[in-house]
Amino acid sequence: MSESEDDWLSLMPTEPLESQCCGSGCKPCVYDVYQKELAQWEEAKAKKDRSLLTKQKEESSNSELNPDTFTAFKISSVEQLTEDTCQYKFELPGNSSLGLSLGQHIVLRGMVNGLEVQRAYTPVSPVNAEGYFEVLIKCYEAGLMSQYIKSWIEGETVFWRGPFGGFPYSPNQVSYIIDTERLSTCCPNYTLQHEI
Ligand SMILES: Cc1cc2nc3c(=O)[nH]c(=O)nc-3n(C[C@H](O)[C@H](O)[C@H](O)COP(=O)(O)OP(=O)(O)OC[C@H]3O[C@@H](n4cnc5c(N)ncnc54)[C@H](O)[C@@H]3O)c2cc1C
């Protein structure tokens, strides 16, 4: 089947808007994902082979968290903690874990008045929690993503990608995190109870 230039243009990836970048230095950033998809599209177009575009669609139907594509997760509970802060619990398939390490965050995609917005959030559940993960979010009166989050109810599905970032620390990498000599000068009565 011959494909017109218009057919190929309709499949071309769209460059992200500024609002789609959460600004927290994710690797890959939405712009990296766009460049990868564009290169894939250019290759498919040059070879006149649409099947080269489907790989990316297969990845996005995977139920595991992925840094390149958004994955759907269902909200299993919403707990209001303060006037503007709620803890949201999300289901994970079976007894699986989200697979984050210390200090890592995930990126949420939301639609607000037809505008796609992406923001970073750091799960508060233990890194080895099985079958769920939780995020604690403060909503702002004029915040864009906040407008979307405020509408969340139990059973709703939202989209996350990640993980990103983290602290360059592994267990027992250093013998202490407090300079005990300095501590004894400034707080002579303080006794260090635990070594790590
Ligand atoms: C790595 C990382 C992890 C994070 N983890 C968490 C987390 O676990 N939980 C959490 O609650 N947040 C977290 N954040 C913050 C989160 O990503 C968002 O920044 C936050 O939710 C606000 O997003 P928003 O779109 O609602 O607000 P935005 O639209 O980005 O606005 C942010 C603030 O600016 C104000 N504002 C917006 N526009 C204007 C304007 N024109 N003039 C004046 N003021 C304005 C808003 O009222 C609001 O107070 C994290 C951020 C990073 C970078």
(message) How charged is the neighbourhood of Ser10? Take every other residue with its Cβ under 14 Å from the Cβ of Ser10, and add Lys/Arg as +1 and Asp/Glu as -1.
(response) -2
(request) Sticking with the crude label model, points 7 Å out along Cα→Cβ, report the distance from Met111 to Asp179 in nm, one decimal please. (result) 5.4 nm
(message) Placing unit charges on C-beta atoms (Lys and Arg positive, Asp and Glu negative, everything else neutral), compute the dipole magnitude of the stretch 5-164 about its Cα centre in debye, rounded to 20.
(response) 220 debye
(message) Run the count for the chain, please: Lys pairs, Cα-Cα under 16 angstrom, 8 or more apart or on different chains.
(response) 11
(message) With unit charges on the beta carbons (Lys and Arg positive, Asp and Glu negative) and the dipole taken about the Cα centre of the chain, which residue among Leu9, Gln35, Pro171 sits farthest to the positive side?
(response) Pro171
(message) Just to confirm the number: angle between the C-alpha axis of helix 51-60 and the first principal axis of the chain, 0 to 90 degrees, nearest 10?
(response) 30 degrees
(message) Between Tyr31 and Ala72, how high is the FRET efficiency from 1/(1 + (r/R0)^6) when r is the Cβ-Cβ distance and R₀ = 30 Å? Nearest 0.05.
(response) 0.85
(request) Report the residues of the stretch 1-31 in range of a label on Leu38: point 7 Å along Cα→C-beta, backbone N strictly under 13 Å from it. (result) 12-17, 30-31
(message) Please state the shape class of the chain: rounded when a/c is under 1.5, otherwise prolate if a/b exceeds b/c and oblate if not, all from the C-alpha gyration tensor.
(response) prolate
(request) Could you please rank Leu92, Leu9, Leu53, placing first whichever residue has the fewest other Cβ atoms within 10 Å of its Cβ? (result) Leu9, Leu53, Leu92
(request) On a 0 to 90° scale, report how tilted helix 30-47 is relative to the longest principal axis of the chain, with both axes built from alpha carbons and the result rounded to the nearest 10. (result) 30 degrees
(request) Mind sorting Leu144, Leu102 by how few other Cβ atoms lie within 10 Å of their own Cβ, fewest first? (result) Leu102, Leu144
(request) Let me know the longest stretch in the chain that avoids all trypsin sites (Lys or Arg not before Pro) found in a DSSP loop with at most 15 other C-beta atoms within 10 Å. (result) 51-149
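Just so you know, all these numbers are worked out from the coordinates, no wet-lab data involved. Only a predicted model underlies this, so the values are computations on that prediction, with no experimental measurement involved. Here the Cβ is made from the backbone with ideal geometry for all residues, glycine too, and neighbour counts use every protein chain on show.
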